[in-house]
Structure formats: C-alpha cells, structure tokens
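A quick write-up on the structure given underneath.
Taken together, the values in this text are just the output of simple stated rules run on the coordinates, not laboratory data. Since we're looking at a predicted model, the values are computed, not measured. Don't worry about glycine lacking a Cβ; one is built from the backbone with ideal geometry, like all the others, and counts go over all protein chains shown.
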Amino acid sequence: MFFLLQAAGKQSSPGGMLSMLLPFILMFVVMYFLILRPQKRKEKERKALLARVKKNDRVVTAGGIHGLVTSVREHEVILRIDDAKDIKIKVDRSAIVTVAEVSHDDETEETNVSLQGNKETK
C-alpha cells in the first residue's frame, strides 16, 4: 500500500509544490492588507497624537479620567482634574487615549489673523 501511495505521489505535476504553497501565500497577502497594514497606520497616528500633546490640551486617559494638561515631560503628563480644588495627577504619556480639545497657541492665532488680513487686501 505504501508503495502505491509513493508511486502516485511521484506522478504528480511539477507545479504541485507551487499549487500547494499558493493558498498560504495568498492568505499572507490578504492578512497583510487587511490586518497588519491598518494596524501600523493606527500605531503611527497614535504616536503622532502623543507627540502633539501639549500644555492646556484637554485629554482623556485609558482609565476614563478627563483632565487638562498642566505639564508635559518626556514620559509623563500632569493633569489637572478639578479646577476648584486644584487636584492634579501624574499619568504616563501612553495612558492618554484621546485629545478632546486642543489648546490654541498665541502664535497660531496670530498667523490665522495675518492670513485673513492678507485675503481681505487681495
């Protein structure tokens, strides 16, 4: 019996190995485009979000704590939770999930005003 199976295996076409590997290759390509590539893009967006966190931004942490950023360091952020009682907590920068409201710098407002002034003169 064993010899018959070996004989039948030898008679297969030379493209048999490629036809066996093709489904695995296709599965890898599909997984790359549907899972791995979007995940890398989201990771880049998250790193950019954490890099842009600055003073006076309103943020939400992974624990659901809403606060105002009062100080930003390399790996940690100090949040003011309650204005009336001046309650502050220190959290890791990676604990920030979303930036609810971005603060507006004086420089940004000045450039917006100057751009609007240029549009009116044209």
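Tabulated data for the structure shown
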quantity	calculated
Spin-label model distance (nm) - residue 53 vs residue 24, 7 Å beyond Cα toward Cβ	4.3 nm
Residues whose placed amide H lies under 5 Å from that of residue 97, excluding near-sequence neighbours	60, 61, 62
Long-range HN-HN contacts of residue 103 with modeled amide H, under 5 Å	57, 58
Shape call, the range 52-99: gyration tensor on alpha carbons, a/c limit 1.5	prolate
Potential lengthening between residue 32 and residue 93 on full extension [0.36 nm per residue; Cα-Cα distance subtracted]	19.0 nm
